[in-house]
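This report concerns only the one structure given below.
The values are calculated or read from the model by the stated rules, or taken from the named source; none is laboratory data. If you're wondering where the values come from, they're calculated on a predicted model, not measured in any experiment. Cβ atoms come from the backbone with ideal geometry, glycine included; neighbour counts cover every protein chain shown.
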Amino acid sequence: MTAPHTYITTTIPYVNARPHLGFALELVQADVLARHRRQRGDRVRFQTGTDDNSLKNVLAAEAAGADVQEFVDGNAAAFVALAEPLSLSVDDVIRTSRDPRHRAGVERFWQACAEAGDLYRKHYEGMYCVGCEQFYTPAELVGGRCAEHGTRPQWVSEENWFFRLSRYAHRLHELIATGALRVRPDERRNEVLAFIAAGLEDFSISRSTARARGWGIAVPGDPGQVIYVWWDALGNYLTALGYGTGSPDHRRWWNDAERRVHLLGKGVLRFHAVYWPAMLLSAGQPLPTDILVHGYLTADGRKISKSGGAAVDPAELVERYGTDAVRWWLLREVPRAGDADFTADRLVHRSDDELANGVGNLVNRVVSMIHRYRDGEVPTGDVPAPEAQELEAAIRRAPDLVDASLADFDFRHATTAVWNIADQANRYINQVRPWELAKAERTGDDHAGRRLDSVLATLVRSCQAIAEHLLPFLPDAASRIDLQCTPHEGRLPAPVPIFRKLSDPHPPTHQARP
């Protein structure tokens, strides 16, 4: 039987500045889903990329006095380089200004929609926010300003190409309402349904070449127009698969895949849950199966962004605190629905409390006891481990809880299932007091010795379960725990720290990888 195919994508960010922690959140979430599905036997393609063909990239380059392509290349490299510090298992990266697959695919997609009768030209006037790369109606502005960026949109008057979005309103509403196109969490699903119910208007999908500064992909057969950046960028989910080039990857990972999963922030929900599905319907392509939407990160109450507000560099954060601490904070602190406020103190507290003092201390205690009481050899245990019911239950429930939580896009609940094993194991140690069983064994109590064997065997199995279930979330730490708790030549390795305590006054260093 062929393994299910799962295609997981992030959005592709503008490269008008270096990456921030908000995009790192999306990358880490996508990586968790990709690793989890691989662990469950799926064949997985995890894809990310950069949106190079944006007017805001051009304006940022002009402000920096730099050549546009060189400017874009430099910032794009910083996004691509996040794979190493964040321990991402990315399979492919597409850059819209450099990848030859992209232009061919975008042009083919345009032609498919044109052949469906959904593209036409008309004169248009409206208020355009460069930051959002989007037109707004007066009702959508707050005090005449973009709610996202706080800036006054430009008044634009020109003739552009339009897409017949209104043609697909009923079909889109039906697909989302029935769950054929799953939007999670429910708050975002309801937001999309309300937007569609209010009426969909056709939208502009090109810009004059002059206003685009000549940057981007020309409209096929109309060199005076450049394809609108959102139309261009959304196509990456197909173009990276070789759509338009005849590659079999397109059929394998899009047409035939059991899961086609898009991760995105709430600010671009309309584009991904309304515009993109309508475009796919027009082009005769299958729709994504899941649209998973996260909130924003703030830093000390200010929205984290590249062009305004607070900026938190994820690479610098990893350099200071380590990959595990950064990933753990993103997965444990950010709610399923809603925003989260980042502070370094919260990251340190979460890592010290749950990783260093919780999981790390547990593994160190268990391995140390195996060496102290059994010379490093893991006992089999031939009697039931005393008072281990709650710990055994936590181990038994973890796989289903992780599966259900990640299917519902709930990383907090998923990580809680793993954390509960460590919490119950530490409670178990304090309850059964293995050191007292060892003391009784030394006085000749064979029954205490057999009970100690069962306790130690249960605890090693608990640590191995933590390593297994922690793998999608903290792959580096999971590998270190697995190495620590796997016998080599019949003995466990000598205990070494799994996590460092971040509040210790020692200079920060990278957490060593196995």
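Pull up the stretch 128-141, narrow it to residues that are at pLDDT below 80 and of a type in the set (A, V, I, L, M, F, W, C), then point me to the one that is surrounded by the fewest Cβ atoms within 10 Å (Cβ to Cβ).
Top of the filtered list is Ala139.
Residues to consider are Ser97, Ser89; find the one that is in contact (Cβ under 8 Å) with a residue 40 or more places away in the chain, in contact with a helix residue (DSSP H, G or I) (Cβ under 7 Å, 6 or more places away or on another chain), assigned to a loop (DSSP other than H, G, I, E, B) and farther than 23 Å from Thr245 by Cα.
Being in contact (Cβ under 8 Å) with a residue 40 or more places away in the chain, in contact with a helix residue (DSSP H, G or I) (Cβ under 7 Å, 6 or more places away or on another chain), assigned to a loop (DSSP other than H, G, I, E, B) and farther than 23 Å from Thr245 by Cα holds for just one of Ser97, Ser89, which is Ser89.
Kindly evaluate Ala398 against the criterion of being without any contact (Cβ under 8 Å) to a residue 40 or more places away in the chain, outside the structural domain of Ala30 (by TED's automatic domain parsing) and either closer than 28 Å to Ala337 by Cα or touching a strand residue (DSSP E or B) at 6+ places or on another chain (Cβ under 9 Å) (or both).
So Ala398 fails the test.
Exactly one of (1) under 22 Å from Val229 (Cβ atoms); (2) in contact with a helix residue (DSSP H, G or I) (Cβ under 7 Å, 6 or more places away or on another chain) is unmet by Ile176. Its number?
(1)
If Ala422 passes every condition in (1) in contact with an Asp or Glu (Cβ under 7 Å, 6 or more places away or on another chain); (2) in contact (Cβ under 8 Å) with a residue 60 or more places away in the chain; (3) of a type in the set (Gly, Ala, Ser) but one, which one does it miss?
Only one criterion is unmet by Ala422, namely (1).
Being buried (at least 18 other Cβ atoms within 10 Å of the Cβ), polar (S, T, N, Q) and at pLDDT 95 or above is the requirement here; does Gln111 meet it?
Taking the combined requirement at face value, the residue does not satisfy it.
Can you spot a residue in the stretch 363-378 that is outside any helix (DSSP H, G or I), in contact (Cβ under 8 Å) with a residue 24 or more places away in the chain and within 16 Å of Ile466 (Cβ to Cβ)?
yes
Residue by residue through the stretch 181-204, note down the ones that are surrounded by 16 or more Cβ atoms within 10 Å (Cβ to Cβ), at pLDDT 95 or above and of a type in the set (A, V, I, L, M, F, W, C).
Of everything in the stretch 181-204, those that are surrounded by 16 or more Cβ atoms within 10 Å (Cβ to Cβ), at pLDDT 95 or above and of a type in the set (A, V, I, L, M, F, W, C) turn out to be Leu181, Val183, Val192, Leu193, Phe195, Ile196, Leu200.
All but one of (1) in the same structural domain as Leu86 (by TED's automatic domain parsing); (2) in contact with a strand residue (DSSP E or B) (Cβ under 6 Å, 6 or more places away or on another chain) hold for Leu317; state the number of the condition that does not hold.
Condition (2) is where Leu317 drops out.
Of all residues in the stretch 207-218, count the ones that are under 21 Å from Gly126 (Cα atoms) and either β-branched (Val, Ile, Thr) or at pLDDT 95 or above (or both).
Total meeting the criteria: 1.
Residue-by-condition table, conditions (1) over 24 Å from Thr298 (Cβ atoms); (2) out of contact with any Ser or Thr (no Cβ under 9 Å at 6 or more places or on another chain); (3) assigned by TED's automatic domain parsing to the domain that holds Ile217; (4) free of Cβ contacts under 8 Å to residues at least 60 places away in the same chain:
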position: Ala17; (1), (2), (3), (4): no, no, yes, no
position: Ala30; (1), (2), (3), (4): no, no, yes, no
position: Gly49; (1), (2), (3), (4): yes, no, yes, no
position: Glu107; (1), (2), (3), (4): yes, yes, yes, no
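Tell me which residues, restricted to the stretch 411-462, are of a type in the set (Lys, Arg) and part of a helix (DSSP H, G or I).
Of everything in the stretch 411-462, those that are of a type in the set (Lys, Arg) and part of a helix (DSSP H, G or I) turn out to be Arg412, Arg427, Lys439, Arg442, Arg450, Arg451, Arg461.
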